[in-house]
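One structure below.
The values are calculated or read from the model by the stated rules, or taken from the named source; none is laboratory data. Nothing here was measured: the structure is a model prediction, and the numbers come from that model. Cβ placement follows ideal geometry from the backbone for every residue including glycine, while neighbour counts extend to all protein chains displayed.
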Amino acid sequence: MSNKSEEITILVNSGYGSNKSADGHSFVQRLNPPLRVPANTNPTIECTEIGIWHSSPNIKSGVNNVLKFTFSAVSGGATQTFTFPEGLYSLNSINLRLQHFLIGLGL
């Protein structure tokens, strides 16, 4: 028995699917090459990221898109403001945008 862990990335796009439901919430996509799982294993399948178009944003202008920071080492302690454009963000994309903001401040 092997404890080897293997990770693969699979891109699934409903635009290439078949047997789509009327409202598009389900579809079938044949993988080529097919996904092969060795016998007598207990695989874990995890969805780590998903893009869903035409959905509600989780960051809205004028509601929750402005963060204000004060750092004693930046601009004499003046308040720094970061504004997210309205959109649907993953935690990873929020983290990356904040990292770029902080790097731009020299932190």
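Go through the stretch 73-107 and count every residue that is among the aliphatic types (A, V, I, L, M), closer than 15 Å to residue 57 by Cα and surrounded by 10 or more Cβ atoms within 10 Å (Cβ to Cβ). Before you say what the answer is, go through the steps one by one.
Here is the first cut: in the stretch 73-107, the residues among the aliphatic types (A, V, I, L, M) are 73-74, 78, 88, 91, 94, 96, 98, 102-103, 105, 107.
Filter once more, so that each one left must be closer than 15 Å to residue 57 by Cα: 88, 91, 94.
Narrowing further to those that are surrounded by 10 or more Cβ atoms within 10 Å (Cβ to Cβ): 88, 94.
The qualifying residues number 2.
Does residue 67 satisfy being within 30 Å of residue 25 (Cα to Cα) and not in a loop (DSSP other than H, G, I, E, B)?
No; evaluated as a whole, the condition is false for this residue.
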- Query: Any residue at all in the stretch 42-61 that is touching a strand residue (DSSP E or B) at 6+ places or on another chain (Cβ under 7 Å) and either of a type outside the set (Gly, Ala, Ser) or not in a loop (DSSP other than H, G, I, E, B) (or both)?
  - Reply: yes
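Evaluate the following for residue 29: is it farther than 22 Å from residue 92 by Cβ, under 25 Å from the mean Cα position of the chain (by Cα) and polar (S, T, N, Q)?
Values: farther than 22 Å from residue 92 by Cβ: yes; under 25 Å from the mean Cα position of the chain (by Cα): yes; polar (S, T, N, Q): yes.
Considered against the rule, which asks whether it is farther than 22 Å from residue 92 by Cβ, under 25 Å from the mean Cα position of the chain (by Cα) and polar (S, T, N, Q), residue 29 comes out as yes.
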- When the stretch 70-98 is examined, which residues are found to be of a type in the set (A, V, I, L, M, F, W, C), assigned to a loop (DSSP other than H, G, I, E, B) and within 30 Å of residue 48 (Cα to Cα)? 84, 88
- Message: Looking at residue 61 and the list (1) over 28 Å from residue 24 (Cβ atoms); (2) surrounded by 10 or more Cβ atoms within 10 Å (Cβ to Cβ), which single condition is not satisfied?
- Response: (1)
- Task: Of the conditions (1) polar (S, T, N, Q); (2) within 23 Å of the chain's Cα centre (by Cα); (3) surrounded by fewer than 10 Cβ atoms within 10 Å (Cβ to Cβ); (4) modelled with pLDDT of 85 or more, residue 13 clears all except one; give me its number.
- Result: (4)
